[in-house]
Structures are given as structure tokens and as C-alpha cells.
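Have a look at the structure below before the remarks.
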Amino acid sequence: MNAPVQRYVEVQPDALLEAVRAQQLTGSRLVQICCTKLAGFELTYSFARAGAFDHVRVQIPDNTVKVPSISPIYSCSFAYENEIHDLFGLSFLGLNIDYKGTFYKTTIPAPMVGTPVCGAPAPKDKGAHGE
Amino acid sequence: MTKHPLKMTKVALENLFQKPATVPYPAVRKPVYAATRGRIAIEEAKCILCLICDKKCPTGAIKVDRPGKTWAIDRLLCIQCGYCVEVCPKKCLGMENLYSPPVSAKAMDVVNVPFTPPPPKPKPPPASATPAATPAPEAGKE
Amino acid sequence: MANRTVIPFGPQHPVLPEPIHLDLVIEDEHVVEAIPSFGFIHRGLEKLAEKRDFTEFTFVAERICGICSYIHGMGYCQAIESVMGLEIPERAKWLRTMWAELSRMHSHMMWLGLLGDAFGFENLFMAFWRVREGLLDIIEETSGGRVIFGAAKVGGIRRDVPDDLLARIPAQLAKIEAEMRPITDVFRDDFSVRQRLCGVGVLSQKDAYDLGAVGPVLRGSGVAVDTRLEGYAAYDRVQVEPIVESDGDCWARAMVRIREVYQSFEILKQVLPNVPAGPVDMKVTGAPNGEFFARLEQPRGEVIYYVKGSGKKQLDRFRVRTPTFANIPPLLKMLQGCQLADVPVIVLTIDPCISCAER
């Protein structure tokens with residue numbers, strides 16, 4: 001395996017743009033942005049270039065905190081950020097193309113947060129797969 | 001740029017004069033492979049109604065009724081993943097290589113299982129049975 | 001200044017196998033801007049991973065997409081195996097490589113046919129799909145399914161392929177390759193094909209890289225990025241060179257895919273005789289605890305699998321970033337300034353698979 005070692009860089013929300021800019025200066029391309037709902041929200045920005053695969057990670061305490069958008073640096077980030085806005089309910093500041101919640105049309109707002117799967121009522125579970 | 005202007009003409013003419021690539025379906029059928037995942041079959045004599053296939057089925061296509069002594073499958077819900085075949089402790093489930101026939105209404109394929117709950121010592125070789133609902137020519141070929 | 005009109009394109013359109021909607025801002029016959037809308041077929045599969053046992057979720061992962069199904073299943077398993085620190089048996093690695101290449105070939109052949117259909121060349125469409133049938137037969141004979149292989153499993157593969165069957169495949173592949181040559185030559189040389197594809201939807205090398213394009217779109221613009229070089233499965237022991245074209249137009253993207261099909265024939269020639277004997281799976285105990293980003297090369301481009309587990313049977317988070325999703329921003333760039341009549345062809349050249357993009 002000659003896959004590069006994956007490095008995780010943990011930054012504060014206000015240092016995010018700086019860290020992303022540093023990635024851009026090394027000539028990396030934006031691979032993906034992943035949001036994970038833990039106690040708060042964990043955003044992972046992945047960047048790849050030849051021989052490197054780095055992740056910049058920010059912890060967002062709750063969805064009242066606005067996350068700075070990286071779209072001024074990587075203009076293609078609008079797709080990921082709109083997706084996270086629609087599925088997780090996080091808001092981004094300074095998006096170049098802001099769909100304002102119409103990127104994904106979901107039945108319930110922020111379906112990836114909370115227990116019911118895809119808007120189905122929570123108790124309706126066969127139980128066979130749950131445990 | 002147009003190095004060989006008649007390349008497509010050649011392909012098209014060959015198409016015109018060769019035999020059709022398809023088979024006239026109901027009359028001629030494409031041979032099936034031994035590995036083809038067609039449909040799930042059960043040897044009901046071996047089944048012990050343990051409910052594992054019911055629990056493990058990713059789509060919930062298999063329904064096992066213990067008091068009613070039936071094993072049932074919704075053929076249209078089944079995704080032919082073969083997980084039930086893997087987990088079956090008695091190896092009474094098998095993947096047939098024939099597809100289930102087309103139907104005009106959704107229905108469960110119900111199989112009666114001759115199993116009595118306090119299991120006696122394993123009987124002499126169980127007669128290999130075919131699924132009750134569909135007369136399958138070659139059952140359990142894997 | 002000419003009047004601007006907005007023309008809706010999709011969600012239902014003959015070239016689109018799946019629904020995506022584009023609002024095309026038109027000035028005369030030229031597209032000034034395209035604004036996409038999504039969400040017609042969002043299925044919430046990432047959320048479903050939180051309810052399912054991680055081994056059973058393989059079946060869901062394989063069905064994220066119909067055409068690149070195998071690599072989806074394989075990528076998911078690879079991510080889980082990396083988290084759990086499993087080293088799968090060698091035979092499983094080689095067979096995974098074989099299936100991955102077969103799935104790449106059948107996906108590319110299907111796409112080449114669809115591209116012919118998109119610019120009105122029905123005969124070419126039929127020819128490609130006829131040849132592709134031979135590949136589907138090999139896939140069915142080895143894995144049991146024509147398109148959904150159902151062969152991926154955490155810790156290996158779900159069914160072994162007999163050695164006599166593996167020995168038979170090279171002859172079948174040689175026949176398919178011979179049948180393919182004349183029709184790919186049409187793609188390369190035919191006047192009308194070149195008229196429809198050359199110089200259409202040009203994406204510069206810089207734009208392709210900056211906008212995060214992946215797969216044949218990126219390589220068609222002259223950037224040599226191929227995730228297979230990272231050597232997952234058995235790719236570290238076969239010769240893989242990224243296929244690069246420099247023009248960045250629709251024709252270059254088609255050429256990349258044609259050459260990749262031939263490259264896959266070459267890879268399979270290296271893989272098939274070298275499949276070692278041995279077990280194909282291993283016992284998996286415990287549950288994933290940790291996180292991993294797996295990268296694989298799908299027919300459509302680089303795909304990312306992220307899994308995060310905390311020692312439970314269910315995953316905390318499963319994420320896929322599919323190649324189509326990454327190719328949407330470059331697509332919008334390509335559409336700027338093109339003719340309205342070229343829009344279907346350009347949309348098709350990113351090989352859109354919307355249901356996998358929305359998951």
C-alpha cells in the first residue's frame with residue numbers, strides 16, 4: 001500500500017479559513033466536507049494532493065454558531081456546505097451560492113440530526129435491526 | 001480528421017447481415033449459470049422455524065410464523081442477497097439459479113413447515129422437497 | 001444585450017437516467033449560467049447506517065448505485081476493515097480487484113453507448129450494449145448477479161470463484177476486446193462523432209483541479225490523478241497508469257473512458273493468472289471503533305467512504321462522497337457559454353448518477 005498517511009489537524013472555528021488557505025497554498029484540492037453529529041457537530045474538511053491526504057477538523061458546539069464558509073477559497077464547496085445546511089441544520093457565513101435550504105427538499109428539517117430515520121415516526125421499527 | 005469515413009458503414013452492414021444478438025425470449029431461454037442468484041428455496045423438512053432468516057433478512061422479505069408453522073417469503077421484496085442462506089443453521093435454505101416467474105399481484109409465498117417444537121433425534125435423511133408454491137425443476141442448486 | 005431566458009432542463013429528460021434539474025439561463029442560443037437543483041431522490045442511506053448492523057449494511061452500501069454497485073460495497077468493506085485493522089486474505093484482494101475492473105468496464109461501455117444515444121447515434125448505442133452483454137455474462141457467472149454483484153463482505157468476499165472459471169475468463173475477454181475494437185474506432189475516427197464532441201464543454205486543467213473534478217472528467221482535462229495508484233486491494237501489484245487526455249472537451253472525456261476499458265483488459269490479464277489459492281474470507285469479531293476515510297477509484301471517479309464507529313454494532317456515522325457529487329461544480333463551469341443543443345451531451349459526459357450523489 002502506498003496510500004498516504006492521513007493527517008488530522010484540529011482547529012478552532014475562527015482559524016478555519018486560515019487552515020484551509022494553507023491547504024490551498026500547498027496545491028491541494030478539496031475532496032469532501034463531512035459533518036458528524038456528536039454532542040455538537042464535527043466538520044471534517046478533506047484535502048488531497050499527490051502523496052498527501054489531510055483533514056482539517058473543527059468542532060461546532062451547536063447550530064446557532066455560524067460556520068465561516070470556505071467558498072471564497074474553494075468555490076466548489078458550495079455543494080457540500082448547502083448539503084450540510086439542509087441535512088444537519090448548520091448555517092454558513094459567506095456562501096457563494098446559497099440555496100437557503102432548498103438544495104435538498106426534505107420532509108423534516110435537518111433529518112440527519114435526531115433519532116427517526118428519514119422522517120419516519122420513531123416507534124415504527126421492526127426491532128429486529130435495532131439492537 | 002476523417003481518416004476512415006466508412007468505419008461506421010462497415011459496422012452497420014455487419015449488424016445488418018448477422019444473426020440477432022438477442023434470443024426470442026419465451027421460445028428460447030438464455031442458459032442460466034450455476035452461480036446465478038435467482039430465488040430462495042426452502043427444504044421445509046429440515047427447517048426448525050428458528051426465525052434467524054426472518055431476523056437477518058435486510059429487507060424483511062421473510063416472515064416466519066412459529067405457532068402457525070409456516071415460512072413465507074415476499075418474492076418481490078427479496079433482493080437475492082443470499083444472507084438468509086448464509087445464516088441458516090440447518091442449511092435448509094438455498095439459492096436457486098432460476099428467477100421467480102412474473103406475477104400480476106403481490107403475494108407471499110407460504111410454505112408449511114412440518115416441524116414439531118420439542119425436536120426428537122434427527123430423522124433419517126429428509127426427503128428433499130421442493131418449495132410448495134412454485135414447482136422448481138432443480139432445487140437448491142448452488 | 002440580448003434577452004435572457006430561463007429554460008428548465010430536467011428533472012425528466014431523455015438523456016437523464018435519473019432526475020436532476022438545471023435552470024439554464026440562455027442568451028440567444030448560448031447558456032450563460034446553469035443553476036442545479038437536487039433532492040428529488042434523496043433516500044437518507046447515510047442515516048440508515050445508524051440503525052443497521054455494520055455487516056448487514058454492506059447490502060445497503062452495494063445498492064447505493066446500480067452501475068458502480070460493486071465498488072460501493074467494496075469501498076464500504078475496505079473502510080470498515082481499516083477501522084478494525086483487518087488484513088483480508090490475498091485471494092479475496094485479487095478477486096476484489098478483478099470484480100472492480102469488470103465493473104469499471106461494464107460501466108464505461110454502458111456510458112459510451114449512452115453517449116452515442118445522447119447525440120443521436122442509435123446504432124453505436126446498440127453496438128456498445130451488445131458487446132457489454134458479454135461482460136455481464138462473465139460478471140453473472142462469477143458473482144451471481146448481472147449488475148448487483150452481491151459479492152462484498154466485511155473481511156473478504158462472499159463467494160469464491162472456481163479456478164477453472166478463472167482460467168476460462170481470459171478467452172471470453174479476448175473475444176469481447178476483438179468485438180470492441182471496430183466500434184471504439186468509430187468513436188475515435190467518425191466525422192459526425194467528432195463534430196458533436198470536439199471542442200464542446202471544454203474544462204481547462206486549472207478549472208478541473210480547482211473545482212474538485214474527479215475521475216475521467218479530471219483526467220480528460222490533463223490531470224493525472226487515479227486513486228488506484230494508492231494500491232488498495234491488489235492494485236499495488238498490478239501495473240496501473242493514469243489515462244490522461246489534454247483537450248478537456250467531451251471527446252477527451254470519451255477517449256479517457258475508451259482507453260480505460262482497454263486498460264482494464266490489460267489489468268485483468270495481470271490479475272487473472274495471479275489469483276493465489278487460499279481462503280476468501282475471515283472471521284470478523286467485535287465492532288468498529290474508530291474512524292477512517294477510504295478512497296477508491298470508481299468508474300465515475302474517486303469515491304470517499306467515511307465510517308466512524310464507537311464499538312457498537314451500529315455505526316455512528318457513514319458518509320459517501322460520490323464522484324457525481326464532486327463533478328457537479330465542474331459541470332456548471334462546462335455549461336457556461338455552450339450551445340443549448342450541446343447541454344444534454346455535456347451533462348452526460350460527467351456520467352451523472354444522481355441517486356448515488358444524493359444517497
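Per-structure values
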{"read-out": "Helix axis angle, C:163-189 relative to chain C longest principal axis, alpha carbon, degrees", "value": "10"}
{"read-out": "As computed over segment C:32-163, the Cα convex hull volume per residue (Å³)", "value": "140"}
{"read-out": "Sequence-separation-based contact order of segment C:14-85, relative, with Cα cut under 8 Å and 6+ spacing, percent", "value": "17"}
{"read-out": "Fraction of accessible area attributable to carbon and sulfur, segment B:42-114 (%, probe 1.4 Å)", "value": "60"}
{"read-out": "Percent carbon-and-sulfur accessible area, chain C, ignoring ligands, DNA and RNA, probe 1.4 Å", "value": "53"}
{"read-out": "Among the listed pairs B:Lys46/C:Lys312; B:Lys30/B:Lys106; B:Lys63/C:Lys47; B:Lys30/B:Lys63; C:Lys283/C:Lys308; B:Lys30/C:Lys283, those beyond 28 Å (Cα-Cα)", "value": "B:Lys46/C:Lys312; B:Lys30/B:Lys63; B:Lys30/C:Lys283"}
{"read-out": "Chain A: angle of helix A:16-25 to the longest principal axis, Cα-based, in degrees nearest 10", "value": "50"}
{"read-out": "Degrees, to the nearest 10: C:250-271 long Cα axis against longest axis of chain C", "value": "20"}
{"read-out": "C:Ala277-C:Glu87 FRET efficiency (beta carbon distance; Förster radius 25 Å; 0.05 resolution)", "value": "0.90"}
{"read-out": "Average accessible area per residue (Å²) across segment C:42-334 - probe 1.4 Å, nucleic acids and ligands excluded", "value": "29"}
{"read-out": "C-alpha center-to-center spacing [segment B:1-61, segment C:338-359] in angstrom", "value": "28"}
{"read-out": "Segment C:91-118 versus segment A:66-113: alpha-carbon centroid distance in Å", "value": "33"}
{"read-out": "Hydrodynamic radius of chain C per Kirkwood, over alpha carbon pairs, in Å", "value": "20.9"}
{"read-out": "Trypsin sites (Lys or Arg not before Pro) lying in DSSP loop within segment B:78-116, provided at most 10 other Cβ fall within 10 Å", "value": "B:Lys106"}
{"read-out": "Burial of 40 Å² or greater, segment A:24-66 residues [accessible area, probe 1.4 Å, versus chain by itself]", "value": "A:Arg29, A:Val31, A:Gln32, A:Cys34, A:Thr36, A:Phe53"}
{"read-out": "Tail beyond 14 Å, pair distance distribution of segment B:42-114 (Cα, percent)", "value": "58"}
{"read-out": "C:Gln239 paired with C:Tyr262, simple spin-label distance in nm, labels 7 Å along Cα-to-beta-carbon", "value": "1.4"}
{"read-out": "Solvent-accessible surface (1.4 angstrom probe) belonging to C:Glu56, in square angstrom, nearest 10", "value": "10"}
{"read-out": "Length-normalised contact order for chain A - Cα pairs under 8 Å, 6+ apart - percent", "value": "20"}
{"read-out": "Where C meets A: accessible area buried, both sides, 1.4 Å probe, Å²", "value": "3800"}
{"read-out": "Inter-chain shielding of C:198-209 (mean C-beta neighbours from other protein chains, 10 Å cut-off)", "value": "1"}
{"read-out": "List of segment B:44-66 residues, accessible area with partners at least 40 Å² below that of the chain alone (1.4 Å probe)", "value": "B:Lys55, B:Pro58"}
{"read-out": "Area buried, chain B against chain C - accessible surface, total, 1.4 angstrom probe, square angstrom", "value": "2500"}
{"read-out": "FRET efficiency, 1/(1 + (r/R0)^6) with R0 25 Å, evaluated for B:Ala34 and C:Ala167 via beta carbons", "value": "0.95"}
{"read-out": "Surrounding net charge for A:Ile97, when Lys and Arg each add one and Asp and Glu each subtract one, Cβ distance under 15 Å", "value": "-4"}
{"read-out": "Estimated FRET transfer efficiency (C:Ala174, C:Ala224; beta-carbon r; R0 30 Å; 0.05)", "value": "0.55"}
{"read-out": "Segment A:28-109: trypsin sites (Lys or Arg not before Pro) in DSSP loop, at most 14 other beta carbons within 10 Å", "value": "A:Lys100, A:Lys105"}
{"read-out": "Separation in nanometres of the label points that stand 7 Å from Cα toward Cβ, at B:Gln18 and C:Glu122", "value": "2.0"}
{"read-out": "Interface residues, segment C:27-45 - accessible area loss of 30 Å² or more versus chain alone, probe 1.4 Å", "value": "C:Pro36, C:Phe38, C:Gly39, C:His42"}
{"read-out": "Theoretical gain in end-to-end length, A:Ala50 to A:Asp62 [0.36 nm per residue, Cα-Cα removed]", "value": "0.8 nm"}
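The values are calculated or read from the model by the stated rules, or taken from the named source; none is laboratory data. Everything numeric in this text was worked out from a predicted model, so none of it was measured. Quick reminder, even Gly has a Cβ in these numbers, built from the backbone with ideal geometry, and neighbours come from all protein chains shown. Each accessible area value is taken on the protein alone, full model and side chains, heavy atoms only, with ligands, DNA and RNA left out. Shrake-Rupley method; radii C 1.70, N 1.55, O 1.52, S 1.80 Å.
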